[in-house]
Amino acid sequence: MKSLLVIVFSLIIGGGGDFPDANEILKKVDENLMSKNRITESKMVIYGRRNSRTVTSKGYSEGDTKSFTEYLSPEREKGTKMLKLEDRLWIYSPSTDRTIQLSGHMLRQSVMGSDLSYEDMMEDRELTEIYNAKVIGEETIEDRKVWILELTAKVDDVSYESRKSWIDQERYVPLKEELYAKSGQLLKRITLSQVERLDGRWFPKKMNYKDMLKDGKGTDFIIEKIEFDADIPDYIFSKASLKK
Amino acid sequence: MIEFLLKGILRDKSRSLLPIIIVTIGVSLTVMLSGYIRGAMGDITDQNARFETGHVKVVTRAYHENMDQLPIDLALLGVDSLQEVLSTKYPDVQWVKRTRFGGLIDVPDENGETKGQGPAAGMSLQLLDDKSGEIDRLNIASSLVKGNLPTKRGEALIGDDFAHKLQIETGDEITYVGSTMNGSMTFKNFVVSGTIRFGVAAMDRGTIIADIADVQEMLDLFDGSSEILGYFNEGVYNDDKAKTLKADFNQNLDAADEFAPMMLTLKEQNNLASYLDYVDLYSAFFVGIFVMAMSIVLWNTGLLGGLRRYQEFGIRLALGEAKNQIYKTLILEAILIGVIGSVIGTAIGLGITFYMQYEGIDISEMLNNSTMLMPTILRSKFTPDLLYIGFIPGLIAMVIGNALSGIGIYKRETAVLFKELEV
């Protein structure tokens, strides 16, 4: 009788059943990370085997269907622009004065030699919209308690079939993510840091993307300035703005 | 004695016709197949050397580890001085710079927007440098389908099938999209000066060929190239010479520097070593099986012939001819039949080999999705060893067959011969 009480008590206190609802956690993450639109100034530090380089850009995005990025430096990249409308992507190259549309497997190629693919840059849908979530445990990362969420795609047109997210239990932002292919192979690992309170939400300003199929230290994506729900003129998301 | 035996062979067709036919078929098959295998392997080796591997190749150690991915970021730097050092140190080898690269070819419409695009397998050569010999080495001039060779910077050749697919005409402008050695995105417009078809499925699929200076600029490969290829002045690959060259060059290799240049031989690339060894092994195996099978058939034929000549041997023994003597004449007869069959077989085999040297077998259907560097038509090749490669086994098989069947002669008891022969 005594041992039965111990079992029941331990199930109530620390058993597997006291995890919060995973979809609720994901919803709170979306509330932090998503916005109607945003203007971002960022830099990418790409660590190569021979050298490292920094690429700066200014990006505009609206919902999950429209985004526009202009590369500001270095000189090689300056003036290169990218426009994403729905699932189409155009790149403008000032040196050739050409607008090139990318599609299909080309979208899985690396952006500017970084560990991010065009698909990574383009994917901006709410997590609750594309994944089913399940809490599979908890851990501590950098002295912060996190939930470990296992996300499985519920739509077909998703870049990664499944992912594991380590979500900060207080601030509801991911601190680490692992992205998997349909085969179960780990494709990318993202480490998120410099979580700051911005416009009433928690937001990680530094992300290290590591393509697990490549050697090296990965790519740091650092947000230097971010403005949520800004006033973005419509012409920004038009093909005419590429040649401007 | 030989004349007497020859008369016997020619006059008694039942004694010689079947063994001669068997030896002829076996020898001609051996010569024909050996000639075809040599030709096909020679073509494959030559094709690989010309397009990809060189007779020897210099790359960085890091590039070598990931060679299949064409990692431009791990290319050789300071190639002009390295090429000069190689030319001075090894003057009997011609050294050329090449860079292979991947990317995308985009074809614009009248508004400069994408009309069509496809993946590109690019190769940059010292195209505008007459002394490099690259145009002859790759048979570029004779592989032109339309247009002309590039005569100035900014011009490129593209694969004819690729041009068809993307509806590109000579004089059209196309844009290459790819990554520089630092990973930056790079775009470059080229004018298509001509279209090309090498007859190598893996090359014809998405080829773009441009001058190395254009590509160095396009990929930020200043004074760099992904590889330096060496070709022996004799024009033929020599594995021993390649190994010696490699050992000499690599003895000073800095093990700590992953970008130090290292040399590879042709056989060390594209799995050619195992491929060539595999073919050699199977060729030897094939000849061995042929000798064994033919010996068994000829043994059987000899036994049948022996039975048919039972009475003849009996009379010869009864007349006092020694068993050894009869056995010797039997072997001599086998040698004569073997020589006749092998000469006819070798002549037929060589005839087919010469025919196949010009006609070949078209295997393009099988190579549609192949990434291996193989010619679409495999041809036979005459080599001096074909003169004896079937001849010797043919002769040996005939002699072994008859030697085995002739052993029966020794079992005959001279004492019972008259009874046996019912004389």
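Tabulated values for the structure
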| quantity | calculated |
| --- | --- |
| Contact order relative to length of chain B, as percent, for alpha carbon pairs under 8 angstrom and 6 or more apart | 28 percent |
| Those trypsin sites (Lys or Arg not before Pro) in the range A:179-213 that DSSP places in a loop and that have at most 12 other beta carbons within 10 Å | A:LYS182 |
| Fraction of the pair-distance distribution of the range B:256-319 above 18 Å, Cα-Cα pairs, percent | 69 percent |
| Cα-Cα P(r), the range A:36-156, percent of pairs per 10 Å interval | 11, 34, 32, 19, 4, 0 |
| Packing-based ranking, highest mean first, of B:297-303, B:257-263 given that Cβ atoms within 10 Å are counted | B:297-303, B:257-263 |
| Residue-averaged beta-carbon neighbours from other chains (10 angstrom radius) around B:183-194 | 5 |
| Dimensionless Rg/Rh of the range A:20-242 - Kirkwood Rh, Rg from C-alpha atoms | 0.95 |
| Estimated vicinal HN-Hα couplings, Hz - the range B:256-269 in sequence order (Karplus 6.51, -1.76, 1.60; Gly, Pro = x) | 7, 9, 6, 9, 5, x, 10, 9, 10, 8, 4, 5, 7, 10 |
| Hydrodynamic radius (Kirkwood) for the range B:56-234, which is based on Cα pairs only, to one decimal in Å | 16.6 Å |
| In degrees, nearest ten, helix A:22-33 long axis to first principal axis of chain A (Cα) | 30 degrees |
| Separation of alpha-carbon centers, the range B:177-201 and the range B:3-36, rounded to whole Å | 59 Å |
| Chain B: calculated mean residue ellipticity at 222 nm from DSSP helix runs of at least 4, using -39500 (n - 2.57) | -15500 deg cm²/dmol |
| Projected label distance in nm at B:ILE2 and B:TYR388, using a 7 Å step from Cα toward the beta-carbon | 1.8 nm |
| Coordinate range along principal axes, alpha carbons of the protein assembly as shown, Å, largest first | 126, 90, 49 |
| Tilt relative to chain A, helix A:2-14 - C-alpha long axis, 0 to 90 degrees, to 10 | 20 degrees |
| Paramagnetic reach from B:ASP136 in the range B:216-244 [backbone N under 12 Å; point 7 Å along Cα→Cβ] | B:233-235 |
| Unsatisfied cross-links (Cα-Cα over 31 Å) in the set B:LYS152/B:LYS243; A:LYS154/A:LYS176; B:LYS89/B:LYS188; A:LYS43/B:LYS57 | B:LYS152/B:LYS243; B:LYS89/B:LYS188; A:LYS43/B:LYS57 |
| Reach of B:LYS13 by Cα under 21 Å, taken over lysines that are not fewer than 8 positions away in the same chain | B:LYS328 |
| 34 Å tail of the calculated P(r), chain B, as % of Cα pairs | 50 percent |
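Bear in mind these aren't lab numbers, they're just calculated from the coordinates by the rules spelled out. Since the structure is predicted, the reported quantities are computational estimates derived from the model, not experimental observations. Cβ coordinates were reconstructed from backbone atoms using ideal geometry, including for glycine residues, and neighbour counts include every protein chain displayed.
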